[in-house]
Amino acid sequence: KDGREILPSAPQYPEMSQLLNVSYQYFDEGSRKIGEGNRTEGLADLDLALESIQKLQDVYPLNQEAALLTLRISRLKDPKKFADEFSQRIQSAKMMCKSRETQQQGYANLLDYYDIEPNYRGLKDLIYQVEGEDDIILPVTIKSL
């Protein structure tokens, strides 16, 4: 989980926490506006959320919450493109899991993708398969798959 979470003891925690809160506020507002049929203003709010996320990721590029929110924004902005890219992301993470140098990141990505799309066909089985490999060190466990 190193680099994926911002610990409250980190010197940048207050600023990073604020950026994340602002990102969520813009995301919520953008989601609401899109749901009400005001897509243009909603997309503008989502873009502002992405700007705040990018500032956070400049300091913590692997932050899990920022990565998940970015995926949620991508899904809301363009569902078809998201669906196309999502399967590619899963395949990329699967390939990362085959390399000793990248398997931890690949596994973490799979968990993130599961959080976004838990019913994605074959994803749960893929995660179980990766967890069953002897040489992977599990940084987290999947809760209630």
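The values are calculated or read from the model by the stated rules, or taken from the named source; none is laboratory data. Just so you know, these numbers come straight off a predicted model, no measurement behind them. Methodologically, a virtual Cβ is constructed for each residue, glycine included, from the backbone with ideal geometry; neighbour enumeration extends over all protein chains shown. Accessible surface is based on the protein model in full, side chains and every heavy atom, while ligands, DNA and RNA are left aside. Shrake-Rupley method; radii C 1.70, N 1.55, O 1.52, S 1.80 Å.
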Acute angle (nearest 10 degrees) that the helix 103-116 long axis makes with the longest principal axis of the chain, alpha-carbon atoms
50 degrees
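What does the extension gain come out to for residue 88 and residue 32, with contour length at 0.36 nm per residue minus their alpha carbon separation?
Numbers: separation 56, 0.36 × 56 = 20.16 nm, distance 2.87 nm.
That pair, residue 88 and residue 32, stretches by 17.3 nm at full extension.
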Rounded to the nearest 10 Å², the 1.4 Å probe accessible area of residue 114 is 40 Å²
Rounded to the nearest 500 deg cm²/dmol, what is the calculated helix-only ellipticity per residue at 222 nm for the chain, with -39500 (n - 2.57) per DSSP H run of length n ≥ 4?
-23000 deg cm²/dmol
Ranking by accessible area, most exposed first, for 78, 112 with a 1.4 Å probe
78, 112
Accessible area of the chain with a 1.4 Å probe: how many percent of it is carbon plus sulfur?
50 percent
Heavy-atom accessible area with a 1.4 angstrom probe orders 33, 124, 55, most exposed first, as 55, 124, 33
Per residue solvent-accessible surface (Å²) - the chain, probe of 1.4 Å
60 Å²
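Please say if segment 1-131 is rounded, prolate or oblate, where rounded means a/c under 1.5 for a ≥ b ≥ c the square roots of the C-alpha gyration tensor eigenvalues, and otherwise the choice is prolate for a/b larger than b/c and oblate otherwise?
It comes out oblate by the Cα gyration axes.
Note the full-extension length gain between residue 5 and residue 120 as 0.36 nm times their separation in residues minus their Cα-Cα distance, in nm to one decimal. Please report the intermediate quantities before stating the final value.
Details: separation 115, 0.36 × 115 = 41.40 nm, distance 2.51 nm.
Going from the current span to full extension adds 38.9 nm.
From the protein chains alone at 1.4 Å, what is the descending order of accessible area for 98, 81, largest first?
On the way: 98 145, 81 110 Å².
Largest accessible area first, the list is 98, 81.
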Between residue 54 and residue 12, what is the spin-label point distance in nm, taking each point 7 Å from the Cα along the Cα→C-beta axis?
1.6 nm
